[in-house]
Amino acid sequence: MQRVLGQGHPDGNDAGSLPPGFEDAAAALGISADALMQAMAQAGGPRADLAAVAAALEIEEEDLRAALPPPPN
């Protein structure tokens with residue numbers, strides 16, 4: 001799977017790396033980090049439609065929002 005959210009971020013993530021907090025978010029949701037990243041990428045990338053992400057992952061949007069780290073500045 002191609003990880004696109006970490007690419008070019010000013011927070012120092014290397015291309016292809018997970019954004020900070022995504023592995024913890026995935027674990028809290030009971031899904032893989034790859035599944036979370038894929039759903040985020042398919043729903044718009046860094047500005048993904050979280051309702052679409054939640055639907056794709058078959059989880060509640062509120063749970064997704066609670067688990068995700070805050071967006072970078």
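Looking only at the range 35-60, count every residue that is touching an Asp or Glu at 6+ places or on another chain (Cβ under 7 Å) and surrounded by fewer than 17 Cβ atoms within 10 Å (Cβ to Cβ) and tell me the total. Break it down stepwise before answering.
Our first condition is that a residue be touching an Asp or Glu at 6+ places or on another chain (Cβ under 7 Å); within the range 35-60, this holds for 43, 50-51, 54.
Those still in the list that are surrounded by fewer than 17 Cβ atoms within 10 Å (Cβ to Cβ) too: 51.
Qualifying residue count for the region: 1.
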Margin query: Among the numbered criteria (1) surrounded by fewer than 17 Cβ atoms within 10 Å (Cβ to Cβ); (2) of a type in the set (S, T, N, Q); (3) modelled with pLDDT under 80, which one does Ser32 miss?
Written below: (3)
Margin query: Condition check: more than 13 Å from the chain's Cα centre (by Cα), charged (D, E, K, R), at pLDDT 95 or above and on the phi > 0 side of the Ramachandran plot. Does Glu62 satisfy that?
Written below: no
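The values are calculated or read from the model by the stated rules, or taken from the named source; none is laboratory data. Every value quoted in this text rests on a predicted model; they were computed, and no experiment measured them. Note that we place each Cβ from the backbone using ideal geometry, even for glycine, and neighbour counts take in every protein chain shown.
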